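Structure first, commentary second.
The values are calculated or read from the model by the stated rules, or taken from the named source; none is laboratory data. Only a predicted model underlies this, so the values are computations on that prediction, with no experimental measurement involved. Here the Cβ is made from the backbone with ideal geometry for all residues, glycine too, and neighbour counts use every protein chain on show. SASA here: full protein model, heavy atoms, side chains in, ligands and nucleic acids out. Shrake-Rupley method; radii C 1.70, N 1.55, O 1.52, S 1.80 Å.
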Amino acid sequence: MTRRSDTNAVEVRGLVKHYGDTKALDGVDLDVREGTVLGVLGPNGAGKTTLVRCLSTLVVPDAGRATVAGYDVVRRPRALRRAIGLTGQYASVDERLSGWENLYMIGRLLDLSRKDARRRADELLERFSLTEAAGRSAMTYSGGMRRRLDLAASMTGRPAVLYLDEPTTGLDPRTRNQVWDEVQGMVAEGVTVLLTTQYMEEAERLAHELTVIDRGKVIATGEVDELKARVGGRTLRVRPADPAHLPAMARTLTEHGLAGIAGPTVVPDEGLLSVPILSDEQLTAVIGLLGARGYGIAHIGTHLPSLDEVFLAITGEKSSVPGTTHEEVAA
């Protein structure tokens, strides 16, 4: 990941938005540092899209304050629109126009000269691998091509801040990876991105920091590893050569203060000893002590909570989520 700036490109304080009796945003605070990606996670109806619509001047917040690229979103919306790009959940290009015509039209709407609008359209079509389809009507594009054209359109004005509201919804894995590569390329060039997503893999791949929103409120913030540590960090799983040694191994770790606050857990059905690990030093000490005491070890593995598990834990959901990350080595 790129070196992070100490300057915020986006600052939000106490943002509130009502839709009738529903409070879509309930005092949201967040910061996005320049040249980084902030991933905004939350269940359906959490307020993610409303947040993006407020920050892109599409709706006016009822209370609070937000500045983006140095512009107040309420007081200077016209100036702000020239500094931002937006890709929503669904492609917003004109299907009746060709890919090139879409980008040229947007360039002209952004007050580029005819010459500059043509040049910019050509540049973006090449960058997003759409040159061969440049003259075709957008209605003939595949879903992935439309999404890439939509991203290209959002980049026409060289925005300082780009909003991506669930940008890969409905895309196949290959196209999703292509979109991710393009986003990473934009960030490498200094673009700041606010990303809302339902895909935990997408957040882990792209985001420098995460903000979790539920019922219009921010309920957690931090880097991916920080949030994982908050949920429980790593767990060491040791399978001894002789399962009868499990109780003695657990006592040994407890007596030497290496079992963590929660203590070791013996899982007799699986022949495992589970130990919460808070540091690499503790991990090394646990394995070293067991070896020094003569316990034969058949298998060692570490378990790290997946971002799905982190999300469910933070939002109060109790569910078994597949896709947990495991790192295992044979002893």
Which whole-percent values make up P(r) of region 21-62 when all C-alpha to C-alpha distances are grouped in 5 Å steps starting at zero? 5, 19, 29, 28, 14, 4, 1, 0
Scanning the chain for helices, which whole DSSP H stretches are 15 Å or more long along the axis (Cα) and average -1.0 or more by Kyte-Doolittle? 99-109, 143-154, 173-188, 280-292
Which loop-located GluC sites (Glu not before Pro) does region 77-143 contain, where loop means any DSSP state but H, G, I, E or B and the Cβ has at most 11 other Cβ atoms within 10 Å? none
So what is the relative contact order for the chain, in percent, with contacts set as C-alpha pairs under 8 Å and at least six apart? 18 percent
Starting from a Cα-only point model with no solvent, please compute log10 I(q)/I(0) by Debye for the chain at q = 0.14, 0.16 1/Å. -1.06, -1.26
Close Lys-Lys pairs in the chain, where close means Cα under 12 Å and separation is 8 or more or interchain: 4
Given Cβ point charges of +1 (Lys, Arg) and -1 (Asp, Glu) and nothing else, what value in debye, to the nearest 20, does the dipole of region 11-162 about its Cα centre take? 360 debye
In the chain, what percent of the accessible surface is made up of carbon and sulfur (1.4 Å probe, ligands and nucleic acids excluded)? 48 percent
When the Cα atoms of region 100-163 are enclosed in a convex hull and the volume is divided per residue, what value in Å³ results? 82 Å³
Across all Cα atoms of region 43-160, Rg and the largest Cα-Cα distance (Dmax), in Å, are 15.6, 47
Averaged over all directions, how much area does the convex hull of the C-alpha atoms of region 167-280 cover when projected, in nm²? 11.3 nm²
Inverting the mean 1/r over all pairs of different Cα atoms, compute the Kirkwood radius of region 86-133 and quote it in Å. 11.1 Å
How much accessible area per residue does region 116-268 have, in Å², with a 1.4 Å probe? 44 Å²
For region 1-79, place one equal point scatterer on every Cα, skip the solvent, and apply the Debye formula. What is log10 of I(q)/I(0) at q = 0.14, 0.17, 0.22, 0.25 Å⁻¹? -0.46, -0.67, -1.04, -1.25
Got a sec? Charge dipole of the chain, +1 on Cβ for Lys and Arg, -1 for Asp and Glu; which of I287, H256, N44 is way out at the positive end? N44
